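Worksheet for the structure shown next.
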Amino acid sequence: WLQVVQGPALARQARSQYRLSQPLVAPRGAILDRDGRVLAMSVRAPSVYANPKQMPANTTETAIRLAKLLDRDVGLIKERFSRNKGFVWLARQVDPQLTHEVRAFRRAGIGMMEEGQRLYPQGQLASQVLGCVNIDQRGLEGVELAYDAILRGRPGWQSTLRDARGQMLVGPWTVDVEAEPGADMVLTLDSVV
């Protein structure tokens with residue numbers, strides 16, 4: 001009964017208990033002018049999250065240190081720590097220079113993942129045509145919205161082993177599904193004109 005009838009379901013349940021999965025960001029396609037100058041591009045930016053269920057009982061010191069590091073309000077971070085959830089955002093798209101300092105908090109239920117951040121190197125040039133994206137890289141206006149499905153790409157998944165507490169074990173990430181980058185788009189606009 002356990003091996004034949006329930007075997008596949010129990011094997012899936014066991015894998016989900018000892019594997020930690022994380023999405024791989026699919027880079028959004030670039031938007032270029034007719035001469036190939038970049039009007040919009042995506043870069044990777046780290047975001048910081050917490051797992052309040054894995055945190056120690058006294059989180060005040062951690063909240064104070066993180067608030068100072070991330071330039072956030074201590075009360076806001078403490079409030080997020082008090083939520084009875086397995087995942088809460090602390091700061092999204094932070095300075096990549098902070099990566100090393102934030103990794104020191106990994107054992108205290110704090111983690112990082114990379115997300116895409118949209119940049120417009122030409123500033124406000126053709127902003128009404130290009131439009132914009134939200135923090136989750138979804139098109140909101142203009143070309144970014146009209147061609148969102150083409151520019152967005154498909155995210156992938158990576159996984160690694162974790163212990164009984166849900167903490168990531170030291171080891172390599174295994175890419176389960178590769179992220180497919182979005183297609184670049186060349187407009188008929190000339191950024192010089």
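Values for this structure:
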| item | result |
| --- | --- |
| Whole-Hz ³J(HN,Hα) from phi, Karplus 6.51 cos²θ - 1.76 cosθ + 1.60, for segment 188-193, glycine and proline x | 7, 5, 10, 5, 6, 6 |
| Dipole magnitude (debye, nearest 20) for the chain, charges at Cβ of Lys, Arg, Asp, Glu | 1060 |
| Size descriptor, Kirkwood hydrodynamic radius, that averages inverse alpha-carbon separations across segment 1-72, Å | 17.8 |
| Radius of gyration and maximum dimension Dmax of the chain, Cα, Å | 20.6, 73 |
| LEU2 paired with ASP184, simple spin-label distance in nm, labels 7 Å along Cα-to-beta-carbon | 5.6 |
| Amide H partners (placed H, <5 Å) of ASP184, local residues excluded | ALA30 |
| Semi-axis lengths (Å, descending) of the ellipsoid that matches the C-alpha gyration tensor of segment 102-157 | 30, 15, 8 |
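Coordinate-derived values only; no laboratory data. Just so you know, these numbers come straight off a predicted model, no measurement behind them. Backbone-built Cβ (ideal geometry, glycine too); neighbour counts: all protein chains shown.
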